[in-house]
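Visitor: Quick one: the structure is below, and I'll ask about it shortly.
The values are calculated or read from the model by the stated rules, or taken from the named source; none is laboratory data. Just so it is clear, the model here is predicted, and its values are computed rather than measured. FYI the Cβ positions are ideal-geometry reconstructions off the backbone, even for glycines, and counts take in every protein chain you see. Heads up: the accessible areas ignore ligands, DNA and RNA and are worked out on the full protein's heavy atoms, side chains in. Shrake-Rupley method; radii C 1.70, N 1.55, O 1.52, S 1.80 Å.
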Amino acid sequence: MMDTPTTRHIPDRLNSRAARIFKSWEALLLAVAIAIFVVNSFASPYFLNAWNLSDATFNFTEKAMIAFAMALLIIAGEIDLSVASIIALASTAMGLAMQHGAGTPELVIIGITVGLLCGAFNGFFVTVLGLPSIVVTIGTMSLFRGISYIILGDGSFSGYPSSFAWFGQGYIYWVFTVEMLLFVIIAVIYGVLLHKTNFGRAVYAIGNNPTGALFSGIRVQRVKFILFLLTGLMSGIAAICLTSRLGSTRPSIASGMELEVVTMVVLGGVNILGGSGTIPGVVIAAFVMGLVTFGLGLLNVPGLVMSIFIGLLLIGVIALPRLWTMVAQRPKA
């Protein structure tokens, strides 16, 4: 009796999961983060100090909290440029409440509530009235911060309760800060929400084809409204952390942060036109930006130069994929 020939299975290594991960944008970002870490360790003798590295996390944790919600919003094809102004308004509201004797629990509730109300305000104009989100949030960016300037003028609020400082200055264990713990928890929540739930799949569907998503039964406007609420919520939480860390409120608080948040999201691989992106990419991008700004700070690089760098970085991460596509599609001679 003849033996039945067996077919040898040759795995396609080029299309394996490991190969796809290795060739992904997240893998490239991780390599960049490691390279920046190594360069910083040689550039400054103070970089590898554990407490200095702990301080470096303050450069990105508050921005990253907002970036996670912003990532979902941009994937869905919208954007919120008022996040920094929401921080200013929420911080001002907490300062007013503190002046009237509010304690830490009340301040936290007020910060979150103001953030949610601002998010709902933006969401109403975009999802109910059908206005473009970029136009609406440019308007509310001026509106929210303008209210803070009307209330405070050139003044400030200070004298927050000592227990309130725990959010922005507290440590869980050794060099691990409260803000870092919040960053990890929020990253996990948004990672599960985007990548493991039907809501996350709806976000991707809306970003790729909102009309098709609508006809497939997805309540597009409702999903977008929830995303604006989430962005407002995270801005409120960031306002609590930032105000707690600074110990005071000024109307200029968080000025320009919206640019850094959007840069962080786009650097993390989220398509600025919507439809694609991952939370792990945003997490790595947060570390990259935090390491870069902290390293430049240790080298006494002026803040203006850092702002120029962030602007160039945003332009670069948006333009490079388009340039790469144009070069790839260019007909060969």
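Visitor: Residues to consider are Gly269, Gly275; find the one that is closer than 13 Å to Leu29 by Cβ and outside any helix (DSSP H, G or I).
Guide: None of the others qualify; the one that does is Gly269.
Visitor: Considering each residue of the range 300-317, count those that are touching a helix residue (DSSP H, G or I) at 6+ places or on another chain (Cβ under 6 Å) and either open to solvent by 50 Å² or more (accessible area, probe 1.4 Å) or touching a residue at least 60 places away in the same chain (Cβ under 8 Å) (or both), and give that number.
Guide: 0
Visitor: A follow-up question, please. Taking Gly212 as the residue in question, decide whether it is over 30 Å from Asn49 (Cβ atoms) and under 17 Å from the mean Cα position of the chain (by Cα).
Guide: Judged against the criteria, Gly212 is not a match.
Visitor: Here is a check on your reading of the model: is Ile318 closer than 30 Å to Gly130 by Cβ and assigned to a helix (DSSP H, G or I)?
Guide: Yes.
Visitor: Among what's in the range 67-111 and is assigned to a helix (DSSP H, G or I) and surrounded by fewer than 20 Cβ atoms within 10 Å (Cβ to Cβ), pick the residue that is farthest from the chain's Cα centre (by Cα).
Guide: Gln99
Visitor: Quick one: which residue in Leu267, Leu291 is in contact with a Leu (Cβ under 7 Å, 6 or more places away or on another chain), crowded, with 22+ Cβ neighbours inside 10 Å, among the aliphatic types (A, V, I, L, M) and under 28 Å from Ser44 (Cβ atoms)?
Guide: Just a single option satisfies the conditions, and that option is Leu267.
Visitor: Okay, next question. Go through the range 228-250 and count every residue that is over 19 Å from Ile185 (Cα atoms), surrounded by fewer than 24 Cβ atoms within 10 Å (Cβ to Cβ) and not charged (D, E, K, R).
Guide: Of the residues in that region, 3 qualify.
Visitor: Out of the range 150-176, which residues are assigned to a helix (DSSP H, G or I) and surrounded by 15 or more Cβ atoms within 10 Å (Cβ to Cβ)?
Guide: Ile151, Leu152, Phe164, Ala165, Phe167, Gly168, Gln169
Visitor: Here is a further query. Within the range 126-135, identify whether any single residue is surrounded by fewer than 24 Cβ atoms within 10 Å (Cβ to Cβ), free of Cβ contacts under 8 Å to residues at least 12 places away in the same chain and either assigned to a helix (DSSP H, G or I) or touching a Pro at 6+ places or on another chain (Cβ under 6 Å) (or both), and answer yes or no.
Guide: Yes, the range 126-135 contains at least one residue that is surrounded by fewer than 24 Cβ atoms within 10 Å (Cβ to Cβ), free of Cβ contacts under 8 Å to residues at least 12 places away in the same chain and either assigned to a helix (DSSP H, G or I) or touching a Pro at 6+ places or on another chain (Cβ under 6 Å) (or both).
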